[in-house]
Amino acid sequence: MLKQSPWIVLLAIVWMSVAMSPRALARQPSEDAEMQRLLGLFDDLLRGASSQGTMTMTVKTKRFERTLSMQTWSKGTDKSLVRILEPVKEKGTATLKVGDKIWNYLPKVDRTIKVPGSMMGASWMGSHFTNDDLVAKIRYSEDFACSFDPATREPSVKELRIDCIPNEDVAVVWGKVSMLLDKASELPTQSMFYDDDDELVRTMKYENVRTMGGKRIPTVLTAIPAGEDGEFTRVEHSKLEFDIDISDRLFSLQSLKQ
Amino acid sequence: MNKVFVIAWRNLWRTPRRSVVTIGAMTVAVLAMLLYASLVEGYVRDLEADLVEVEVGDLQVHAEGYRDRPSLYTTIDDSDAMIASLEGAGFVATARLLAGGLVAAGESSSGALIKGLDLETNDAVSAIAERVDRGEWLAASDPHGAVLGRGLARALAVDVGDELIVLGQATDGSMANELFQVRGILEAVTAETDLAGVLIADSIFRETFALDQGVHQVLMRRPANLGLDAASALAQSTIQGHEVKTWRELQPLMSQMIDISRSMIILMFVVMYVAIAILILNAMLMSVFERIRELGVMKAVGLSPRTVLSLVLTEAMLQAVVATVIALAVGAPLLWLLVERGIDVSGFGDITAGGMSIGTRMFGAVAPHTILGPIVTFFVLVFLGVLYPGLKAARLRPVEAMRHQ
Amino acid sequence: MSDSPQQANSIIRLNSVGKVYQQGKLQVTALDGVSLDVEPGEFLALCGPSGSGKTTLLNLVGALDQPSSGSIELEGHNLERMSRKELSELRRDRIGFVFQAYNLMPVLSAYENAEMVLWVQGVDPQIRRDKVMGLLAEVGLEGLEDRRPNELSGGQQQRVAIARAIASDPVVVLADEPTANVDSETAIKLLDLMERLNRERGVTFVFSTHDPLVMERARRIVRLVDGKVQEDSQAA
């Protein structure tokens with residue numbers, strides 16, 4: 001079983017920005033087994049029993065550049081907690097996700113605010129990810145109809161390209177998602193998100209594959225919004241542990257504060 | 001000609017009951033329309049005043065592109081110089097800072113439009129301070145005081161003195177968050193402000209949103225001697241490089257609403273008076289019908305069709321005149337009450353009309369058109385209503401008329 | 001069918017006048033080839049049974065109706081060639097009417113009714129007043145000037161109508177059954193009045209009647225039967 005890394009909470013953000021569909025639905029019976037296996041690997045890269053880690057998030061926009069270091073915890077697919085360690089001004093700011101709900105703790109005013117539905121589309125911590133991205137759940141193996149790019153199946157080509165179209169009854173903002181998988185490691189190197197007009201909206205890069213928490217995974221993740229010159233949000237994992245024992249009490253409003 | 005009046009007048013009293021009923025109905029209609037026109041005018045003026053004096057100002061300046069895509073970063077950077085030159089040209093102006101965000105109180109939260117006001121210059125431009133219903137207006141001595149719309153206060157279940165958290169994204173990408181206390185609650189403001197407006201001092205706004213310089217909006221009132229468009233042109237020539245918009249351009253819906261409200265009155269008159277016109281038509285048709293033989297004799301001895309027509313028209317017009325005089329006599333004190341005292345509409349709950357939340361009282365307003373409009377429309381419709389019976393009488397052929405049973 | 005020898009003097013000339021009414025699908029011939037000349041100062045009774053065409057004839061002469069055939073001249077003017085407006089003015093200025101009923105405006109006093117034609121003519125109020133007061137006295141209504149028609153007897157009402165009819169000094173007064181609604185005593189008095197006006201003022205009267213008492217007073221009797229002139233006789 002693949003373990004879930006804590007940074008994968010954020011990876012999940014990225015992934016799940018793919019979609020907001022809460023439910024996986026019946027897949028096409030004609031999908032071939034190879035595709036299902038690869039998509040399953042991809043999907044399960046994000047799931048696990050529990051995780052804990054630290055990471056750095058760098059956000060660069062036209063207006064500002066900021067770097068946050070944070071600590072992350074997750075349990076199952078439903079619960080996660082992120083707490084900012086630096087910069088000092090924002091130290092202690094924390095985000096708790098339970099199911100599809102998100103709370104932010106703000107140390108400056110010492111209050112916990114539940115993010116209302118109207119703010120779910122807003123940026124999370126100034127990054128290129130939204131709150132919706134945080135709570136989204138999606139499984140490519142079930143929610144999308146995927147096909148290989150035949151040209152990339154040639155043995156001489158190192159990366160496999162898979163194009164995925166969301167099933168009709170899946171509510172996602174994307175019209176198409178394409179991903180590149182390194183054939184040797186079967187790990188993703190890049191994914192591209194397109195809107196309904198087939199315009200590229202966002203590119204994700206998966207880099208710096210390392211062994212962390214006993215698992216080889218890309219440890220640097222970069223989201224690049226299309227058309228915003230030079231903007232990106234990069235998540236760099238620095239420490240990661242899987243399948244550790246984390247109390248459910250950690251994912252509560254009480255522990256959010258401290 | 002004055003004979004026609006005499007005959008018409010006496011004819012009226014041949015069937016006193018019918019005439020009294022007709023005049024009564026006319027009076028009620030005219031009276032209702034006088035009051036209605038006054039209320040609509042009062043309402044429209046309130047709307048305009050609320051909009052212009054309280055919130056929008058006559059003119060606004062935004063940084064290029066702000067109105068298409070509002071952004072914390074899209075600022076006017078030379079606002080001090082701009083305001084100085086505007087004031088040199090006779091305007092009064094104040095700068096505003098604007099940000100979208102979230103306000104939260106207890107378990108509740110709501111999207112909000114956060115406005116940072118220059119407290120020193122605001123009052124000269126905007127009367128919004130007067131719209132504080134409960135609590136107090138912003139004060140420089142209370143930087144963490146916030147004034148918000150009544151609708152928003154209700155949604156958050158907060159009252160004066162309660163705590164409020166303002167959240168948003170600061171210019172540095174961090175999560176803007178600041179604790180405020182509800183200092184005042186506004187009533188009778190635009191729906192936008194009512195439901196989403198959070199007003200704070202500009203200094204705390206800058207601190208919260210990490211906005212060191214620049215403003216998003218400059219609000220101004222025009223010199224008294226300038227019309228809106230002339231003032232707009234003057235302002236635009238005074239400040240190059242930024243867009244100047246009139247309140248009508250900024251609030252096209254409200255602007256249209258106001259124009260439509262005014263023209264709707266006429267429609268209302270017509271609807272109301274068509275009933276009256278039918279009554280007149282009927283009454284005059286009856287009266288002509290009853291007098292066909294008599295009219296035949298009149299025509300036989302040489303009354304011209306025109307005289308007969310004018311006789312019938314005069315009968316109707318006399319009733320209309322009497323009705324109008326009574327309506328004006330009765331209406332004058334009522335109008336005075338409407339204008340001076342208004343009517344209590346608090347019983348109708350929270351009324352929002354055309355994007356403005358109305359206060360608890362509605363006031364009438366009297367203008368030449370609120371008096372002349374109902375009366376002129378009334379006479380036109382009475383005239384149209386009586387035209388058919390009148391022409392019928394005028395075209396009577398004496399021989400047939402006299403043979404009429 | 002009389003052929004008048006005094007054509008030049010005629011104020012009314014009917015030349016083979018016919019009138020056909022359409023009553024539903026039925027064509028009713030009210031007048032059939034009537035020729036008649038009336039000279040100034042005549043006191044002429046049209047008689048005949050009901051439906052013989054008396055009223056139709058008066059209506060045609062009074063320019064209230066148009067003949068189906070033939071022509072009518074009033075003071076030498078062919079009515080056929082006149083516009084509606086001209087006909088209306090002709091009635092107002094040159095013809096006096098007395099009808100059987102509904103003669104008067106109920107809302108106007110005796111004085112105002114008598115004055116009406118002069119008012120329509122636009123006569124100066126002072127002249128109007130003098131003339132109408134004189135006329136009302138002449139027809140025997142002195143002191144009743146301010147009464148409304150419903151405050152007057154039938155005979156008095158017809159006197160008002162006669163006063164109105166002669167107020168404009170018409171060439172002829174056309175009276176359709178003027179005595180039909182009054183008792184015979186009143187009828188005699190009305191006839192006396194008309195006769196006196198005819199004699200003293202030279203007012204030409206053409207009136208219809210089926211009352212033998214009235215007929216007796218006429219100086220010329222034209223008898224209509226089925227729309228034709230059956231008899232045209234001068235009294236002695």
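Here are the numbers for this structure:
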{"read-out": "C:Asp169 vs. criteria assigned to a helix (DSSP H, G or I) and open to solvent by 10 Å² or more (accessible area, probe 1.4 Å)", "value": "no"}
{"read-out": "Any hit, the stretch C:66-80, residues being within 10 Å of chain B (Cβ to nearest Cβ), of a type in the set (S, T, N, Q) and open to solvent by less than 20 Å² (accessible area, probe 1.4 Å)", "value": "no"}
{"read-out": "Of all residues in the stretch C:85-129 being at the interface with chain B (Cβ under 10 Å from one of its Cβ atoms) and among the basic types (Lys, Arg), the one that is most open to solvent (accessible area, probe 1.4 Å)", "value": "C:Lys85"}
{"read-out": "Flag if B:Leu164 is within 14 Å of chain A (Cβ to nearest Cβ), among the aliphatic types (A, V, I, L, M) and more than 30 Å from A:Val59 (Cβ to Cβ)", "value": "no"}
{"read-out": "Criterion: in contact with a Leu (Cβ under 9 Å, 6 or more places away or on another chain) and either surrounded by fewer than 21 Cβ atoms within 10 Å (Cβ to Cβ) or in the same structural domain as B:Arg69 (by TED's automatic domain parsing) (or both) - qualifying residue of B:Gln213, B:Gln217", "value": "B:Gln217"}
{"read-out": "Odd one out for B:Ser263, checked against (1) assigned to a helix (DSSP H, G or I); (2) within 30 Å of B:Ala139 (Cβ to Cβ)", "value": "(2)"}
{"read-out": "Selected residue [in contact (Cβ under 8 Å) with a residue 24 or more places away in the chain and of a type outside the set (D, E, K, R)] from B:Ser141, B:Ser85", "value": "B:Ser85"}
{"read-out": "Only one of B:Arg10, B:Arg69, B:Arg45 that is of a type in the set (Lys, Arg) and either closer than 22 Å to B:Gln213 by Cα or open to solvent by less than 40 Å² (accessible area, probe 1.4 Å) (or both)", "value": "B:Arg69"}
{"read-out": "Of the criteria (1) modelled with pLDDT of 85 or more; (2) in a helix (DSSP H, G or I), which one C:Phe207 fails", "value": "(2)"}
{"read-out": "Of residues in the stretch A:85-101 being more than 21 Å from the chain's Cα centre (by Cα) and in a loop (DSSP other than H, G, I, E, B), the one farthest from B:Glu178 (Cα to Cα)", "value": "A:Pro87"}
{"read-out": "Check on C:Gln27, surrounded by fewer than 17 Cβ atoms within 10 Å (Cβ to Cβ), part of a loop (DSSP other than H, G, I, E, B) and among the polar types (S, T, N, Q)", "value": "no"}
{"read-out": "A:Tyr206 vs. criteria in contact with a Ser or Thr (Cβ under 8 Å, 6 or more places away or on another chain), of a type in the set (Phe, Trp, Tyr), open to solvent by 20 Å² or more (accessible area, probe 1.4 Å) and more than 30 Å from B:Asn177 (Cβ to Cβ)", "value": "no"}
{"read-out": "Tally of residues being without any contact (Cβ under 8 Å) to a residue 40 or more places away in the chain and more than 8 Å from chain A (Cβ to nearest Cβ) across the stretch B:167-195", "value": "2"}
{"read-out": "Hits in the stretch C:39-86 (condition: within 23 Å of C:Gly202 (Cβ to Cβ), aliphatic (A, V, I, L, M) and over 12 Å from the mean Cα position of the chain (by Cα))", "value": "C:Ile72, C:Leu74"}
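The values are calculated or read from the model by the stated rules, or taken from the named source; none is laboratory data. Predicted, not measured: the structure shown is a model, and the values here were computed from it. Heads up, the Cβs are rebuilt from the backbone with ideal geometry, glycines too, and the neighbour counts pull from every protein chain shown. With ligands, DNA and RNA removed, areas are computed over all heavy atoms of the protein, side chains included. Shrake-Rupley method; radii C 1.70, N 1.55, O 1.52, S 1.80 Å.
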